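One structure is given here, and the rest of the page talks about it.
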């Protein structure tokens, strides 16, 4: 398990130039995305279709049990085309969770948009907004399941969260060790998500959201602003 | 996923009387433990041997992929003997995680033993003591993995944690909604465990423990003692 989330950074950007003959399912080294574009030749919706199938497959089976072949089958295309668009299984996963994670990726703006005295509460409300949403919750649960059971999936999630959430929120803070502070705040919210949505322990699972926010917001506020 | 952790309460107590002919691997309803004792007839170490094998199998394969047959094989006994001692797969799992969880089960005493002003810090230090221990950490990781990926495993863990940790710690507190408060504190610690030990996100993964305790203890203190 290596901390190379950064390697996925441009895995989905168009125009990457990598070896188009490399179709290994799960290469140990990090490749840089899909081969040169030929998207038009395949039809404009193919990439989206594969991505939707990948998202469903990973959500239902978890990282370990999902294969590029299975994703191709679910999308009605050859596995080679999945490799063509996304690269390795790891890279398909990165693209799929980026899609699933999309609702969470506006958090930095939500947290930054307002006075400093309300930053803790805004972060808490944002997180619960995403988790309480019946559309985004299953995708988040699926991501957590894959990350907890598979080191590669954990590395991909780590990369995405670091790059798209933590660095950006940390950049808004005026405290020592801002990344550590953001992670303290994140850990409080992740722990509540575990108890409330994953393990479903009472009374947390059915506690009133306002009660949770009232208790948790001061904690986040302290982590994010106390010098 | 039903909240019936309570059903496991006496699953391991000796002398339970249940139908000894029921050897289903994973019964949907909750049975109450193993049949009447005949332990002496099988040799005194057999039960412990099966339990150790179960613990290893669940830790290595996760709940889903572990079978009573496989546990029997690993212990060098017939699957029927596993059922005989423990009951269903769910009940073998309950016994195995109770064993893995043993180091954590003294938390209520550790938390209760001292002045109220130090309760948050004691809880934090206790949790890190268990997670930083190279003997107990793999077992805790295995429990988390099973609970996150399987609803039955989650229910078993929930029952154990509620009965052996939360109720007992809550009983020591002088705050409104003590169980909710304990879960708030637990959620903070669980979230840090997720970032530090499971997803291994930096800087949390290698942050100095004293720094984490210094930030987190006041949070726990507030949850556990503020009226």
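The values are calculated or read from the model by the stated rules, or taken from the named source; none is laboratory data. Since we're looking at a predicted model, the values are computed, not measured. Ideal geometry is used to build each Cβ from the backbone, glycine not excepted, and the neighbour counts take in all protein chains shown.
For residue B:187, all conditions in the list (1) outside any helix (DSSP H, G or I); (2) surrounded by 24 or more Cβ atoms within 10 Å (Cβ to Cβ) hold save one; what is the number of the exception?
(1)
Any idea which of B:86, B:58 is within 21 Å of residue B:151 (Cβ to Cβ), surrounded by 13 or more Cβ atoms within 10 Å (Cβ to Cβ), modelled with pLDDT of 85 or more and more than 14 Å from every other protein chain (Cβ to nearest Cβ)?
Residue meeting the stated conditions: B:86.
On the given criteria, is residue A:218 in a loop (DSSP other than H, G, I, E, B), more than 7 Å from chain B (Cβ to nearest Cβ) and out of contact with any strand residue (DSSP E or B) (no Cβ under 6 Å at 6 or more places or on another chain)?
Judged against the criteria, residue A:218 is not a match.
Quick one: would you say residue A:155 is in contact (Cβ under 8 Å) with a residue 40 or more places away in the chain, more than 9 Å from chain B (Cβ to nearest Cβ) and under 28 Å from residue B:142 (Cα atoms)?
Numbers: in contact (Cβ under 8 Å) with a residue 40 or more places away in the chain: yes; more than 9 Å from chain B (Cβ to nearest Cβ): no; under 28 Å from residue B:142 (Cα atoms): yes.
In short, no.
Checking the conditions here, which among A:150, A:133 is within 10 Å of another protein chain (Cβ to nearest Cβ) and under 30 Å from residue A:64 (Cα atoms)?
Details: A:133 fails: within 10 Å of another protein chain (Cβ to nearest Cβ).
Answer to the selection: A:150.
Can you find a residue in region A:111-122 that is surrounded by 17 or more Cβ atoms within 10 Å (Cβ to Cβ), within 14 Å of chain B (Cβ to nearest Cβ), assigned to a helix (DSSP H, G or I) and more than 13 Å from the chain's Cα centre (by Cα)?
Checking region A:111-122: at least one residue is surrounded by 17 or more Cβ atoms within 10 Å (Cβ to Cβ), within 14 Å of chain B (Cβ to nearest Cβ), assigned to a helix (DSSP H, G or I) and more than 13 Å from the chain's Cα centre (by Cα).
Can you tell me which residue among B:13, B:95 is modelled with pLDDT under 80 and either loosely packed, with under 13 Cβ neighbours inside 10 Å or in a helix (DSSP H, G or I) (or both)?
Being modelled with pLDDT under 80 and either loosely packed, with under 13 Cβ neighbours inside 10 Å or in a helix (DSSP H, G or I) (or both) holds for just one of B:13, B:95, which is B:13.
Please verify whether residue A:213 is part of a helix (DSSP H, G or I), touching a helix residue (DSSP H, G or I) at 6+ places or on another chain (Cβ under 9 Å) and either surrounded by 20 or more Cβ atoms within 10 Å (Cβ to Cβ) or modelled with pLDDT under 90 (or both), treating the condition exactly as stated. Step through it out loud before you land on a result.
Numbers: part of a helix (DSSP H, G or I): yes; touching a helix residue (DSSP H, G or I) at 6+ places or on another chain (Cβ under 9 Å): yes; either surrounded by 20 or more Cβ atoms within 10 Å (Cβ to Cβ) or modelled with pLDDT under 90 (or both): no.
Answer is no for this residue.
Do we find that residue A:179 is within 10 Å of another protein chain (Cβ to nearest Cβ), under 15 Å from residue B:204 (Cβ atoms) and surrounded by fewer than 20 Cβ atoms within 10 Å (Cβ to Cβ) in this structure?
For residue A:179, the condition - within 10 Å of another protein chain (Cβ to nearest Cβ), under 15 Å from residue B:204 (Cβ atoms) and surrounded by fewer than 20 Cβ atoms within 10 Å (Cβ to Cβ) - is met.
Please work out which residue is modelled with the lowest pLDDT, limiting yourself to region A:190-210 and to residues that are within 7 Å of another protein chain (Cβ to nearest Cβ) and assigned to a helix (DSSP H, G or I).
In the first step, residues of region A:190-210 are kept if they are within 7 Å of another protein chain (Cβ to nearest Cβ); the result is A:190-192, A:194-195, A:198-204, A:207.
Then keep just the ones that are assigned to a helix (DSSP H, G or I); that gives A:190-192, A:194-195, A:198, A:204.
Values: A:190: 93, A:191: 95, A:192: 96, A:194: 91, A:195: 92, A:198: 87, A:204: 96.
Once the filter is applied, the top-ranked residue is A:198.
Taking the criterion of being free of Cβ contacts under 8 Å to residues at least 60 places away in the same chain, within 11 Å of another protein chain (Cβ to nearest Cβ) and within 15 Å of the chain's Cα centre (by Cα), would at least one residue in region B:163-172 satisfy it?
yes
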